[in-house]
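Accompanying notes for the structure given below.
Each value in this text was obtained by applying a stated rule to the coordinates, not by laboratory testing. Quick caveat, the model's predicted, so the values are computed rather than measured. Every residue, glycine as well, gets a Cβ built from its backbone with ideal geometry; the counts of neighbours run over all protein chains shown.
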Amino acid sequence: MSGETALRTPLCEAFEIEYPIVQAPIGSATTPELAAAVSNAGGLGHLAVTWRDLEETRRVIRDTRERTDEPFAVNLVLDDATTVVDTDEHLETILKAGVDVVTLSFGEAAPYVDRIHDAGAVVAQTVGSAEQARAAVDGGVDVIVTQGLEAGGHVQSEVATTALVPRVADAVGNEVPIVAAGGIADGRGIAAVLALGADGAWLGTRFVATEEAAVHDEYQRRLRESDETQTEHTILFDKGWPGTPHRVLENETLERWDREGRPPAGERPGENDVIARADDGDGSGEPIERYDEALATPAVDGEIKEMALFAGQSVGLTDEVRPAGALLEDLVSKTRTAISNVPR
């Protein structure tokens, strides 16, 4: 497999995109500028709106559409423990805005599939096992996203990407396209998951380190300077989304908790310390406590290094901050090169 045909997969048909590369919904780091840049370059850009109210959701979708005529996705987390707006109401707002793709995670998409299809959109669900994938397909989803344990941010799997993708491919066959997520940051990783049975790749950490992502400079510095050994899968940063595992960069907050024997929530060192503040636009500065799952956006001021700095094990391949469109083009080129370097 070589040339232009190398990167045309069933995922491209499902999402109506040129290349099978998806920018993950990286929480509050997503912006219209980022999503549009990725989509304009031939991939699938993404907005995360779970932590936005309805007015803000409408605005970011509108602003993205003003920047691109290409398809882009909007993600909703289905776990009630973290949602800001009722899921049904949020979904209705998204669908009325005319989005192309709706992705759902941390819950079952089946109750929402018909509504999404009736609105003319494609629906994808993130899973962490072959059993979940089979159930999602039986529930009518159009695309399966397999999230491996290596992924950054909140993680809903205990299985590595290289083991999970073939299992899911066997479970669903050729019924729907599969997107692999977790530990992928360059063309070699994309080529590898295509060989494992995926139809595309879903990259998060790599797109956090782009010029368009709404993240603090200190956060991006840590991404550039960290390697694959400097992340931890934990439930430590649980304020705001209790009990949900996540992968973050190692920092003093995590190391101090470890030194003191990993005490439970309520007994952790500096439990109620306010380590930063997020400017909400009126100058009041909403406090961010230690162990909060808040993202380090440019509006945050304080001890950024002590916050939850979400990153996957692919962080060692994330050594520079680039424009998202240029990054997408480079990923395509390097994927083709990786595929052509594999003997037939």
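Remarks
- For the peptides 18-29, 265-276, 68-79, 329-340, the ranking by mean Cβ contacts within 10 Å, running from highest to lowest, is 18-29, 68-79, 329-340, 265-276.
- Backbone amide hydrogens, once placed in the peptide plane, bring Asp186 within less than 5 Å of nothing, excluding anything fewer than 5 places away on its chain.
- Taking a ≥ b ≥ c as the square roots of the eigenvalues of the Cα gyration tensor, the stretch 217-314 is oblate, since a/c reaches 1.5 or more and a/b is not larger than b/c.
- Highest-fluctuation residue, Pro264, Pro287, Pro166 considered, GNM on the chain with Cα pairs under 10 Å: Pro264
- Residue-averaged [θ]222 nm for the chain, counting only DSSP H segments that reach four residues, each worth -39500 (n - 2.57): -10000 deg cm²/dmol
- J(HN,Hα) series, the stretch 136-143, from Karplus relation 6.51 cos²θ - 1.76 cosθ + 1.60, nearest Hz, glycine and proline x: 5, 5, 4, x, x, 5, 8, 9
- Among residues other than Ala160 with Cβ under 14 Å from its Cβ, the summed charge is -1 (Lys and Arg +1, Asp and Glu -1).
- Per-residue Karplus couplings for the stretch 195-203, computed as 6.51 cos²θ - 1.76 cosθ + 1.60 with θ equal to phi - 60°, are listed in order as 5, 6, x, 7, 9, x, 10, 10, 10 Hz, Gly and Pro entered as x.
- Taking all Cα-Cα distances within the stretch 117-248, those exceeding 26 Å account for 27%.
- Hydrodynamic radius (Kirkwood) for the stretch 255-304, which is based on Cα pairs only, to one decimal in Å: 11.9 Å
- When only alpha carbons are used to place a centre, the stretch 292-324 and the stretch 41-61 end up 19 Å from one another.
- Rounded to the nearest whole Hz, the Karplus-based 3J(HN,Hα) values (6.51 cos²θ - 1.76 cosθ + 1.60, θ = phi - 60°) of the stretch 324-332 follow the sequence 5, x, 5, 4, 4, 4, 5, 4, 4, with x at glycine and proline.
- 24 Å tail of the calculated P(r), the chain, as % of Cα pairs: 53 percent
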